[in-house]
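Taking it in order: structure first as structure tokens, then the write-up.
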Amino acid sequence: MESFKEHTKFIESLKKAFPQENWPLHKKALWWIARGDWNRAHNIAQDLDTPIGSWIHAYLHRLEGDRFNAGYWYRLAKKPYPEKSLEKEFEFMLIELL
């Protein structure tokens, strides 16, 4: 139930101009992805030297169609290259990371 509330709050926050300042960086990156700002999301993901940051980084390169680069980041994140759609992967990321 808690993750549903977080997901709902996250979706509602997309109406604002910027993500909340006190959010962790990975949540801000997801917010920028949801807003369609690849560059801002990528800038954050590049600075996240964690498996979560690598996963977000992988997703972003998959989103841009760079399968080779995405594969590198999925390996760093210790995640298999997804067979699901980008939309389904993003929903899964929100469930896992919010």
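Would you please name the residue that is surrounded by the fewest Cβ atoms within 10 Å (Cβ to Cβ), looking only at residues in the stretch 47-98 that are over 10 Å from the mean Cα position of the chain (by Cα) and of a type in the set (Ser, Thr, Tyr)? Ranking the qualifying residues of the stretch 47-98, first place goes to SER85. Under the condition of being more than 24 Å from TYR74 (Cα to Cα), open to solvent by 60 Å² or more (accessible area, probe 1.4 Å) and of a type in the set (A, V, I, L, M, F, W, C), the residues counted in the stretch 1-46 number 5.
Just give me the residues in the stretch 47-95 being small (Gly, Ala, Ser) and at negative phi, in sequence order.
Of the stretch 47-95, the ones small (Gly, Ala, Ser) are 53-54, 58, 65, 70-71, 77, 85.
Within the stretch 47-95, GLY53, SER54, ALA58, ALA70, GLY71, ALA77, SER85 qualify.
The values are calculated or read from the model by the stated rules, or taken from the named source; none is laboratory data. Given the structure is predicted, the values throughout are model-derived calculations rather than measurements. All Cβ positions, even for glycine, are placed from backbone atoms using ideal geometry, and neighbour counts span all protein chains on display. To get the accessible areas, we keep the full protein, side chains included, count just its heavy atoms, and leave off ligands, DNA and RNA. Shrake-Rupley method; radii C 1.70, N 1.55, O 1.52, S 1.80 Å.
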